[in-house]
1. Would you kindly derive the ³J(HN,Hα) couplings of region B:256-264 from the backbone phi angles with the Karplus curve 6.51 cos²θ - 1.76 cosθ + 1.60 (θ = phi - 60°), listing them in order in whole Hz, with x for Gly and Pro?
2. Please give the helix B:2-15 orientation as an angle from the longest Cα principal axis of chain B, in degrees from 0 to 90, rounded to the nearest 10.
3. If you place +1 on the Cβ of every Lys and Arg, -1 on the Cβ of every Asp and Glu, and leave all else neutral, what size is the dipole of region A:283-384 about its Cα centre, to the nearest 20 Debye?
4. Give, rounded to the nearest 20 debye, the magnitude of the charge dipole that chain B has about its Cα centre when Lys and Arg contribute +1 at Cβ and Asp and Glu contribute -1 at Cβ.
5. Compute the label-point distances linking residue B:62 to its equivalents in the other copies; points lie 7 Å from Cα along Cα→Cβ; give nm, one decimal, shortest first.
6. By its C-alpha gyration tensor, with a ≥ b ≥ c as the square roots of the eigenvalues, how is region B:94-232 shaped: rounded for a/c under 1.5, else prolate for a/b larger than b/c, else oblate?
7. Per 5 Å bin, what percent of the C-alpha pairs of region A:123-190 does each bin hold, from zero upward?
8. Using only the C-alpha atoms of chain A, find the volume of their convex hull and express it per residue in Å³.
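The values are calculated or read from the model by the stated rules, or taken from the named source; none is laboratory data. Predicted model only: the values in this text are computed from it and were never measured. Ideal geometry is used to build each Cβ from the backbone, glycine not excepted, and the neighbour counts take in all protein chains shown. Keep in mind that these areas ignore ligands, DNA and RNA; they rest on the heavy atoms of the full protein, side chains included. Shrake-Rupley method; radii C 1.70, N 1.55, O 1.52, S 1.80 Å.
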Number of protein chains: 2
Amino acid sequence: MKKFFIAMAALCIGLGASAQQALFGDGPVQSPVINADGTVTFRFQAPKAIKVEVTGDFMPVQKREVEFNGNKMTVEIPGVGELKEGKGGVWEYTTPFAVAPDMYNYTFRVDGVSQIDPHNMWVNRDVASLTSVLLVPAAGERSDLYAIHKVPHGTVSKVWYHSAAAGFDRRLTVYTPAGYETSKAKYPVLYVLHGVGGDEDAWVTQGRATQILDNLIARGEAKPMIVVFTNGNIACEAAPLENADGYVNPTMRLPKTMEGSFESAFPEVVKFIDSRYRTLARKQGRAICGLSMGGFHTLYITLNNPDMFNYSGMFSAAIGTGSEAKAAHPEIYQDVDKKLATYFSKKPALLWIGIGKTDFLIQSNNEFREKLNAAGYPYKYMETDGGHIWKNWRIYLSEFVPLLFK
Amino acid sequence: MKKFFIAMAALCIGLGASAQQALFGDGPVQSPVINADGTVTFRFQAPKAIKVEVTGDFMPVQKREVEFNGNKMTVEIPGVGELKEGKGGVWEYTTPFAVAPDMYNYTFRVDGVSQIDPHNMWVNRDVASLTSVLLVPAAGERSDLYAIHKVPHGTVSKVWYHSAAAGFDRRLTVYTPAGYETSKAKYPVLYVLHGVGGDEDAWVTQGRATQILDNLIARGEAKPMIVVFTNGNIACEAAPLENADGYVNPTMRLPKTMEGSFESAFPEVVKFIDSRYRTLARKQGRAICGLSMGGFHTLYITLNNPDMFNYSGMFSAAIGTGSEAKAAHPEIYQDVDKKLATYFSKKPALLWIGIGKTDFLIQSNNEFREKLNAAGYPYKYMETDGGHIWKNWRIYLSEFVPLLFK
């Protein structure tokens, strides 16, 4: 047995985080820790640091005025918790409140420099920033939808299609629900679009969309459906680090995001999905939704293809931003009133609008809803606390999905 | 236009790494930077730090004696580069040598505490440690296989199967080559197994296996094949953070890794794949390989199923470790000589063995090869520089794959 343990030790040394492959190891610091009273403790080891702070969307927000091009606007930013140094240079902060069940992002700031939590393996990328993830699940709470349970799991695939509009292959994330592969049935399809900083991975990593789908379907609260996550920038093959651009840090690549290229090319995605998967290839079997820029995309894709989608969801939609001003495809943004009339004349099953009370886009969304109200067009509306944040987008998805394909 | 720019600014603020969602932003520090002369510069911002170092497998290795249970063994660890502080608290280190084209992991150590590179979005998890990734590609070099090129890409899927042996659903990564979905042909299957610290994601993230496959197939140097990456610990549903265990940091869970459970249950994986995919469901259409523990698994799965695989690859295989001593399924490890005789009597197309000159497992691999030599059993052998590291395992995979299904 001694020989066995030596060999196993050698294996561990050889294969683990140390020795031959090996990089600096982590200490025994535990962070984050959800305490019995619901508070959360964050720890960061930095023996020589002067100041260590933590921030994340679990902290109460603070209003801050920012200025851009001489115009002032108010945004909300999460508060900051200051860690206190303890033994061994381990800094610690415990929230003075129970953190509500939800999924959060957080980072440390060490002497002014942003750091993720080195003791937390759960890391998401938000555009060009890495953030640590804190999930506080609780049975009976919505955040329980964001956790992985022992339920049948769908298949999550990274799939490439040829975009004639782009002139190259582009990457999609496709969710097929549990049972799809062994069924002969045709399935409805939901298309889910990201914001200006996102990509075809964003809804799966930050949005927990595939967990939400698995869980809603397992509970019988949503129909089994195929879900397609596109990349909303037609100039891109794929998410950063997943394309042939090589070793570049991601930036928000605006050139081809809100000027009509993506919307005008969208039918080729639907055509590809209908050719590749067993779909209900008609309006009654199709839904689309998106957050922020993706809500803007959703609106214009829907209006320009009034026979394509029976269900459309605009989450914190970036409408009224004036983006159409530089349209490469002006036809996409023209004759909105006429297109709205045509769209509603075809009696879509659902137009769903969700936005946060403090979202900087709420005014333009209110103006859009007033237009719908004035014309007597039907829609469902949800207003939540908070602003332009993933917390809200996960809520909207989990509210929208159960309404589909009934 | 002014209104447009204000709106876009609001979107950026709202959706990016700052403001409403918003966490501490990153500065303009660039790291890592591959310089024109092939050296690489690493930067880390830490205004109050006393000492900042970088290490990674691009550094020349140093030998170190380690002790475990009173036994001494020599391991190789990468050297350390010391950063110098410059303007704005930005520390910097440039390698005194051109870094050879390859894929590397690295981390910083700030006053003794391990940190990834906050300016590099490319992060891999190695068991319980996050490491930053540096890819130095170069046309004509092997590392060019690890880069993403504008070639047809296979589909990479996370797929769950029901394990009767485990009693629950388990997760696989499945690569289907470009063209699979639109073809009616049957495809051969390669099963690829990870080491004791890994999981069904490891070969895809650290091993760059799907890039290697895409590129070798696009060059015509490998046959199109389905590739299945299993999770080698039958006690686990899935990789850390991908299973119902919830919010736990990964550890090396040894209990059911090298005691026969995985090997004895392996035929159910093959059965599942043959039922789900269009496979050449016979020995001539099957290959298996694995690194370290996965090489050990490969050997015993092959020997216990002599009609199942025509090609077997042992990469730095953890044979001779005495793990069989605590077998839950002793039959897996019994009668090896007899099983070897049976296996070779059926004339498999290829047994392939690869190991590094300084791998701590080379002695047991040499002993195994001597046994094969003595019996006159044929095999192919590759010996590389270096030890028990991903650099070698990527080489072995890229050497093994072109030999399959010819």
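1. Result, ordered by residue: 10, 9, 10, 10, x, 5, 5, 4, 5 Hz.
2. Tilt of helix B:2-15: around 50 degrees.
3. Working: 11 positive and 9 negative charges, 67 e Å.
The dipole magnitude comes to about 320 debye.
4. On the way: 42 positive and 41 negative charges, 232 e Å.
For chain B, the charge dipole is close to 1120 debye.
5. From this label point to the equivalent ones elsewhere in the assembly: 4.3 nm.
6. Values: a/c = 2.87, a/b = 1.31, b/c = 2.18.
Because a/c hits 1.5 or more and a/b fails to exceed b/c, region B:94-232 counts as oblate.
7. Going from the shortest bin to the longest, the percentages are 3, 11, 11, 15, 20, 17, 12, 7, 3, 0.
8. Working: hull volume 77.5 nm³, N = 406.
About 191 Å³ per residue, rounded to a whole number.
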